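A short write-up of the structure that comes next.
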């Protein structure tokens, strides 16, 4: 297709440190992340499941797999977007997340949307 890819989702993430939900004395650092997903393909497709890889500064890795995102399995037509906010706890003030969404297009084609690695950090921890 000259106009673009049939199957493609663009994913962007904004993060925030949740100081009021964190307890550094107990090595608990809470972070929120807001994800924006846009169907940049030409075929409508539905987000079915997620797979996150969460890594703290001690290289402790946690994998999270499950259906949908925040209880939803959004169906996005071409150029539609979906946004949600979720959160995670780390044992260190700095960490990262990356992953994939498993997507099924309306024609039955399955593909993954890649979520590039992003940093979770308490403000002023990174220069």
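A compact table of results
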{"read-out": "Some residue of the stretch 43-54 being under 14 Å from the mean Cα position of the chain (by Cα), farther than 30 Å from residue 123 by Cβ and in a loop (DSSP other than H, G, I, E, B)", "value": "no"}
{"read-out": "Subset of the stretch 52-66 [farther than 13 Å from residue 119 by Cα and surrounded by 15 or more Cβ atoms within 10 Å (Cβ to Cβ)]", "value": "52, 62"}
{"read-out": "Residue among 49, 96 that is over 29 Å from residue 6 (Cα atoms), out of contact with any helix residue (DSSP H, G or I) (no Cβ under 9 Å at 6 or more places or on another chain) and surrounded by 14 or more Cβ atoms within 10 Å (Cβ to Cβ)", "value": "96"}
{"read-out": "The stretch 99-127, residues that are more than 18 Å from residue 35 (Cβ to Cβ) and crowded, with 16+ Cβ neighbours inside 10 Å", "value": "104, 105, 122"}
{"read-out": "Scope the stretch 95-113; condition part of a strand (DSSP E or B), more than 9 Å from the chain's Cα centre (by Cα) and under 22 Å from residue 77 (Cα atoms); matching residues", "value": "102, 103, 104, 105, 110, 111, 112, 113"}
{"read-out": "Complete set of residues in the stretch 30-42 that are farther than 20 Å from residue 78 by Cα and within 13 Å of the chain's Cα centre (by Cα)", "value": "31, 32, 33, 34"}
{"read-out": "Top-ranked residue in the stretch 67-76 [being in a strand (DSSP E or B) and in contact with a strand residue (DSSP E or B) (Cβ under 6 Å, 6 or more places away or on another chain); ranked as nearest to residue 49 (Cα to Cα)]", "value": "67"}
{"read-out": "Residue check, residue 79 without any contact (Cβ under 8 Å) to a residue 40 or more places away in the chain, loosely packed, with under 13 Cβ neighbours inside 10 Å and either within 11 Å of the chain's Cα centre (by Cα) or in a loop (DSSP other than H, G, I, E, B) (or both)", "value": "no"}
{"read-out": "The stretch 17-38, residues that are in a strand (DSSP E or B) and either touching a residue at least 40 places away in the same chain (Cβ under 8 Å) or in contact with a helix residue (DSSP H, G or I) (Cβ under 6 Å, 6 or more places away or on another chain) (or both)", "value": "17, 28, 29, 30, 31, 32, 33, 34, 35, 36, 37, 38"}
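Taken together, the values in this text are just the output of simple stated rules run on the coordinates, not laboratory data. Predicted model, so just to flag it, every value in this text is computed and none were measured. Note that each Cβ is placed from the backbone with ideal geometry, even for glycine, and that neighbours are counted across all protein chains shown.
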